[in-house]
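The values are calculated or read from the model by the stated rules, or taken from the named source; none is laboratory data. None of these values were measured; they are calculated from a predicted model. Cβ atoms come from the backbone with ideal geometry, glycine included; neighbour counts cover every protein chain shown.
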């Protein structure tokens, strides 16, 4: 059925081939270029899609609106905690949402600091 043939013996010239062909050199160059681009992409911070403005719904059931309405220390603590829970630094400001659509419940807008790495 099947016949096994012996492998062709490798010559000394095949084993000692030092100079890569143009195609091998191009593949090696692409490999190192890909690695360099990957390293740069991982090092650079991702800032394109981050939104530092968060909306806290007024009817969330936790009673945050009572703290955020008055504008005292309680509201600052809620805004800071909300920002930190979403991966941002301390809040830079908060207040009632003014551009609420008619079908959505009113809420409070919190502006957060930069993203925490």
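Brief remarks follow.
- Residue that is modelled with the lowest pLDDT [pool: residues in the range 82-117 that are surrounded by 14 or more Cβ atoms within 10 Å (Cβ to Cβ) and in a helix (DSSP H, G or I)]: 82
- Residue under evaluation residue 45, criteria (1) at pLDDT below 65; (2) surrounded by 10 or more Cβ atoms within 10 Å (Cβ to Cβ), criterion not met: (2)
- Residue check for residue 61: assigned to a helix (DSSP H, G or I), modelled with pLDDT under 85 and within 30 Å of residue 108 (Cβ to Cβ): no
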